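For reference, the structure is listed below as C-alpha cells.
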Amino acid sequence: MQGRGTGSVAWAAVARPFYITTPIYYVNDAPHIGHAYTTVNCDAVARWHRLLGDDVFFLTGTDEHGLKIQRAAEAVGLTPLEMADRTSERFVEAWRELDISNDDFIRTSEPRHYTAVQEFLGRIRDNGHIELDSYEGMYCVSCEDYYTEAQAPDGMCPIHHRPLETLAEENYFFRLSRFEQPLLDWYEAHPDFVQPVTKRNEALGFIKQGLQDISITRTSIDWGVPVPWDDRHVFYVWYDALINYATAAGFGTDPERFERLWPVVQHVIGKEIIRFHCVWWPAMLMAAGLEPPKEVHVHGWLLVGGEKMSKTKLNHIAPSELVADFGVDPYRYHFLRDVAFGNDGDFSYEGMVQRYNTDLANNLGNLLSRVATVVGKKSGGVGPAPSPDSPLAAVAAAVYADAADAWERIVPSEALEATWRLIRETNAHLEVNEPWKAEPGPEDDAVLGDALEVLRIVAILASPAMPATAREIWSRIGLPGAPEDQRLPEAAVWGGYPGGLPVEKGDPLFPRMNPS
C-alpha cells in the first residue's frame with residue numbers, strides 16, 4: 001500500500017538515498033499517541049530530508065502474526081486475518097489524519113513479505129545458523145518472547161506484569177550465541193550504530209551478559225509465515241516482523257533497489273524493543289550475509305500520568321481525540337517539541353495547551369498577524385523586500401545551522417527550538433522598531449521586509465513539523481508554490497523574499513485556547 005510521500009522523482013537518479021522506518025505496529029490494539037509519537041518523528045525527519053533533495057523512502061506498517069493475534073481474534077470470533085485487516089486499516093486512517101507522508105505501508109500478511117522471509121531465513125539456514133532443537137521456558141504472549149528465571153524470578157513478565165506461561169516445543173533455533181563477538185566487534189567499529197549512547201550501552205549490556213540460542217519457529221499455531229523446509233512449522237513472529245524492513249527495501253524481489261537502500265537504513269524504535277532491533281536483528285543480518293542497519297535511534301516511552309500506556313490500565317489516548325481539540329499541526333508540533341527524543345515524556349493536556357498558546361498563538365501566529373496587518377495599513381497590502389544587511393540575517397543563518405544539525409541527529413525538539421528562536425528574535429526586532437508607528441518609508445519598509453523574509457524561512461524550517469501551517473504562511477505572504485518544494489540549504493539563505501507580493505492577513509492561524 002503506497003503512502004503520500006511528497007518528494008519529486010526528478011532528482012532521484014542522483015540524489016542521496018535516505019531510508020527511515022518506524023517499527024511496525026501490532027494489530028491487537030488500536031493506534032494511540034505512543035504509536036503516533038514514533039510515526040510523527042519519522043515523518044518530520046523524512047520531510048526534512050526531502051527538503052535537502054534526498055531520495056527519501058519512509059516506511060511504516062503493521063505486524064500481524066503470532067499467538068497474541070490468534071488468541072485476540074478467537075476471543076472476538078474473527079479469523080486472525082480478519083482482525084488484522086480491521087486494525088491495520090485503523091493505523092492507515094490514523095496516519096492519514098496526522099498527515100503522515102509514508103512512501104510505503106507494509107503488512108506482514110502480504111505475499112511479498114512471505115517471499116522475503118522465506119528467502120532471508122533460508123539463507124541463514126543454508127549458512128548453518130538454523131538447526132532443529134527442543135525448548136521449554138517461560139513465555140509472555142503479549143511480548144511474544146521467552147524469559148529466563150534471572151529475567152523473571154517471580155514468574156511475572158517484567159514488561160506487562162502478568163504471569164508467564166510455560167511452553168515446550170520442538171523448534172528451529174537460530175544460533176545467536178555464535179554472534180556475540182561479531183556483534184561486539186560491530187559496535188566497536190560503529191560507535192553511532194545505536195543512539196543515544198545510553199541506549200547503546202543498554203544494548204551492549206544484553207550482548208555482554210552472554211547470548212543464548214533462540215527459538216524461531218512454532219508448531220502450536222498456524223498464523224504465521226510457513227517454514228519452507230518443514231511444513232509443520234511457522235516462523236516465530238519477531239523473526240518474521242524484523243524482516244519487514246528488508247522486504248520493503250526490495251529484498252527477494254528487487255536486488256538493485258535493496259542494494260541502494262539497505263546501506264542507509266535508519267530504524268526509529270521505542271526502548272522496549274532494543275533487544276530485538278539492536279541484538280537479534282543485526283545478528284540475523286550477519287547470519288544471512290548482510291550488513292546491519294546504518295543506525296538505530298531509540299526513544300523513551302510516552303507516559304500518561306507517569307505510567308506507560310496499556311490496555312489494562314485504560315490510559316490509551318487516541319490521536320483523533322487531541323486532533324479534534326487542537327488540530328493536526330499543533331498536535332504534531334507539541335509532540336515533536338515537548339518530548340525530547342531519547343527520553344521518557346509525560347503527556348498532559350494542560351502542557352499541550354500551554355505550548356499551543358505560547359509558541360503557536362503568541363509567537364508564530366502573532367508574528368504573521370502583526371506583519372500582515374502593518375503591511376496592509378502602511379504598504380497597501382504589498383510586501384516590501386528585506387534589507388540585505390538586516391541584523392536578523394545572522395540570526396537566520398545561525399538558526400539554520402542549528403536546526404539542520406538537530407534534524408540530522410533526529411532530535412526534532414532542538415530543531416524546532418532553534419526555529420522558534422528566530423521567531424522570538426523577529427518579534428523583539430519589531431517591538432524595538434515599531435513599524436506600526438512609523439511613517440511609510442525605506443526604513444519602515446525594510447523592517448517589514450525583514451519580517452516577511454523571516455516568515456519565508458520559518459515556513460520552510462517548520463514545514464517538517466507543520467506542513468499545512470507552513471503552506472498557509474507561504475500563501476499569505478504571496479509566495480508561489482509551496483515550502484516543501486524548496487531545496488535546502490539554498491532556500492534558507494537570507495534575501496529570498498522578493499518583495500512586491502500581495503500579503504493577506506486572514507483569520508488567526510492559532511486562536512488562543514482556554515487553559516481550563
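Structure data summary
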quantity	calculated
Any pair with Cβ under 7 angstrom, 6 or more apart, that starts in segment 332-349 at a residue that is more than 14 Å from D43 (Cα to Cα) and surrounded by fewer than 18 Cβ atoms within 10 Å (Cβ to Cβ) and ends at one that is of a type in the set (S, T, Y) and modelled with pLDDT of 85 or more	A340/S413
Subset tally (residues that are aliphatic (A, V, I, L, M), part of a helix (DSSP H, G or I) and touching an Asp or Glu at 6+ places or on another chain (Cβ under 8 Å)) for segment 82-118	2
Residue ID - modelled with the lowest pLDDT, chosen from residues in segment 424-473 that are farther than 19 Å from A401 by Cβ and among the basic types (K, R)	K437
Matching entry among V399, V353, V395 (being crowded, with 22+ Cβ neighbours inside 10 Å and more than 20 Å from K437 (Cβ to Cβ))	V399
Residues of segment 205-234 classified as touching a Ser or Thr at 6+ places or on another chain (Cβ under 6 Å) and closer than 14 Å to I130 by Cβ, total	3
In segment 187-232, residue farthest from the chain's Cα centre (by Cα) [restricted to those that are small (G, A, S) and closer than 30 Å to R71 by Cα]	S220
Some residue of segment 282-294 being within 17 Å of G205 (Cα to Cα), modelled with pLDDT of 95 or more, touching a helix residue (DSSP H, G or I) at 6+ places or on another chain (Cβ under 9 Å) and assigned to a helix (DSSP H, G or I)	yes
For V298: the one exception among (1) more than 30 Å from G506 (Cα to Cα); (2) modelled with pLDDT under 95; (3) buried (at least 22 other Cβ atoms within 10 Å of the Cβ)	(2)
Filter result (of a type in the set (A, V, I, L, M, F, W, C) and touching an Asp or Glu at 6+ places or on another chain (Cβ under 9 Å)) within segment 119-156	L121, L132, M138, C140, V141, C143
Residue within segment 461-476 that is farther than 18 Å from P330 by Cβ and surrounded by fewer than 19 Cβ atoms within 10 Å (Cβ to Cβ) present	yes
Complete set of residues in segment 430-464 that are more than 18 Å from A492 (Cβ to Cβ) and either basic (K, R) or not in a loop (DSSP other than H, G, I, E, B) (or both)	L430, E431, V432, N433, K437, P442, E443, D444, D445, A446, V447, L448
Total residues in segment 336-394, condition of a type in the set (G, A, S) and assigned to a loop (DSSP other than H, G, I, E, B)	9
Filtered residue count, segment 473-513, keeping only those that are free of Cβ contacts under 8 Å to residues at least 40 places away in the same chain and farther than 21 Å from G53 by Cα	2
Yes/no for L211 being within 17 Å of A287 (Cβ to Cβ) and of a type in the set (A, V, I, L, M, F, W, C)	yes
Test: residue in segment 482-498 that is surrounded by fewer than 17 Cβ atoms within 10 Å (Cβ to Cβ) and either farther than 23 Å from V399 by Cα or at pLDDT below 95 (or both)	no
Any chance A451 is surrounded by fewer than 16 Cβ atoms within 10 Å (Cβ to Cβ), over 22 Å from the mean Cα position of the chain (by Cα) and either of a type in the set (K, R) or within 15 Å of S390 (Cα to Cα) (or both)	no
Criterion violated by T217 - all others in (1) in contact with a strand residue (DSSP E or B) (Cβ under 7 Å, 6 or more places away or on another chain); (2) within 22 Å of Y139 (Cβ to Cβ); (3) of a type outside the set (A, V, I, L, M, F, W, C); (4) surrounded by fewer than 21 Cβ atoms within 10 Å (Cβ to Cβ) satisfied	(4)
Selection within segment 11-61 - in a strand (DSSP E or B) and either hydroxyl-bearing (S, T, Y) or more than 15 Å from the chain's Cα centre (by Cα) (or both)	P17, Y19, T21, Y25, Y26, D55, T60
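The values are calculated or read from the model by the stated rules, or taken from the named source; none is laboratory data. In this text, all values refer to a predicted model and were calculated from it rather than measured experimentally. Note that each Cβ is placed from the backbone with ideal geometry, even for glycine, and that neighbours are counted across all protein chains shown.
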